[in-house]
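The values are calculated or read from the model by the stated rules, or taken from the named source; none is laboratory data. As the structure is a computational prediction, the values presented were derived from the model and not from experiment. Note: ideal-geometry Cβ built from the backbone for every residue, glycine included; neighbour counts use all protein chains shown. What goes into the accessible areas is simple: the full protein's heavy atoms, side chains included, and nothing from ligands, DNA or RNA. Shrake-Rupley method; radii C 1.70, N 1.55, O 1.52, S 1.80 Å.
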Amino acid sequence: MKPAPNPRKSFWFFLIVFNLIALPALFMAGREISRMREKAVEKPLPVYGKLKPFELVEQNGHPFNLQTLKNRLWVANFMFTECPSECPTMNFKMGLLQDPLGKDVSFLSFSVDPQKDTPAVLEGYAQKFKAREGVWYFLTGPKPVIGQILEDCHFASAED
């Protein structure tokens, strides 16, 4: 008859074998991560374009320009309030980002329908998505200015 395995011996055997395998693997992974970080710091991020200065109006009727965003990271989308499908989904997702990122990141929603999306209309739309004042800006302005921003962001031509 075989003696029953000793659970304490099995535990210690497993722990020793695990440490012999896992610790060197973790050490190597840590070195690789450090090497990747150093390499990333050496290489600057590519610049794909630059926004030209612009003057728009936010949902509260206040003027808005690039100076408003000086030294801030920002996330932008292009939308219009009468959009039936993609725009509400996009804005819902932008709204989800406000709380975790809003201290460090600004959110911009550029209306591509400035004739209909007046500041008053955008204010109601911003309330619908619970946009935090000073964090998420719904912007409108002359169609040529919006068109230039679209071109600067490589989304569309200024024609339409």
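A few comments on the model shown:
- Among residues of the stretch 113-128 that are without any contact (Cβ under 8 Å) to a residue 40 or more places away in the chain, those with a Cβ under 8 angstrom from a residue that is of a type in the set (Val, Ile, Thr), sequence gap 6+ or separate chain, pair up as ASP113/THR81; PRO114/THR140; PRO114/ILE146; LYS116/THR81; ASP117/THR81; ASP117/THR140; THR118/THR140.
- You will find that of LEU108, LEU66, LEU56, the residue that is open to solvent by less than 70 Å² (accessible area, probe 1.4 Å), in contact with a Leu (Cβ under 7 Å, 6 or more places away or on another chain) and farther than 18 Å from PRO119 by Cβ is LEU66 and no other.
- Leading residue by the ranking (least open to solvent (accessible area, probe 1.4 Å)) among those in the stretch 69-84 that are free of Cβ contacts under 8 Å to residues at least 24 places away in the same chain and under 23 Å from HIS154 (Cβ atoms): CYS83
- Tally of residues being open to solvent by less than 100 Å² (accessible area, probe 1.4 Å) and either within 24 Å of TRP136 (Cα to Cα) or assigned to a loop (DSSP other than H, G, I, E, B) (or both) across the stretch 28-47: 1
- Residue match in the stretch 68-89 (condition: closer than 15 Å to ALA126 by Cα and among the charged types (D, E, K, R)): yes
- Residue under evaluation VAL17, criteria (1) hydrophobic (A, V, I, L, M, F, W, C); (2) open to solvent by 100 Å² or more (accessible area, probe 1.4 Å); (3) more than 30 Å from VAL135 (Cβ to Cβ), criterion not met: (2)
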